[in-house]
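The structure under discussion appears below in the form of structure tokens.
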Amino acid sequence: MLKNVTYCVVSLLFSLAIAKPSGLDIESLILSTVPGGMSEMGITAKNFHLNVPAVAVFNVLRMAFVNLSAELFFHQVLGRLERRNDLHIDHAR
């Protein structure tokens with residue numbers, strides 16, 4: 001529960017930080033950054049008459065960022081674990 005509340009607060013703060021520079025409405029930005037699937041967020045944006053393209057683009061960019069940075073993140077974590085515990089983990093590619 002605390003993790004969900006924390007994620008929503010971070011989403012709200014991020015939305016507030018980029019609202020003015022981006023020129024987008026805060027409601028669309030909040031919907032763009034909260035957890036949820038792309039289709040659900042798009043339908044919700046349409047039902048609330050928000051900026052559907054902006055919500056969709058943010059969700060695509062978020063998905064691309066997570067997918068592209070996941071391998072780098074896990075290599076960093078595995079590298080630290082190897083060094084800390086003097087292990088060797090076979091990194092299959």
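The values are calculated or read from the model by the stated rules, or taken from the named source; none is laboratory data. Keep in mind it's a predicted model, so treat the numbers as computed, not measured. Here the Cβ positions follow ideal geometry from the backbone for every residue, glycine too, while neighbour counts run over all protein chains shown. Areas reflect the complete protein model, heavy atoms only, side chains present, ligands, DNA and RNA absent. Shrake-Rupley method; radii C 1.70, N 1.55, O 1.52, S 1.80 Å.
Checking each residue of the range 20-39 against the condition of being touching a residue at least 12 places away in the same chain (Cβ under 8 Å), hydroxyl-bearing (Ser, Thr, Tyr) and open to solvent by 40 Å² or more (accessible area, probe 1.4 Å) gives no match. Name every residue in the range 48-81 that is within 24 Å of Val5 (Cβ to Cβ), open to solvent by 80 Å² or more (accessible area, probe 1.4 Å) and either touching a residue at least 40 places away in the same chain (Cβ under 8 Å) or of a type outside the set (A, V, I, L, M) (or both), in order of residue number. Phe48, Phe65, Phe73 - these are the residues of the range 48-81 that are within 24 Å of Val5 (Cβ to Cβ), open to solvent by 80 Å² or more (accessible area, probe 1.4 Å) and either touching a residue at least 40 places away in the same chain (Cβ under 8 Å) or of a type outside the set (A, V, I, L, M) (or both).
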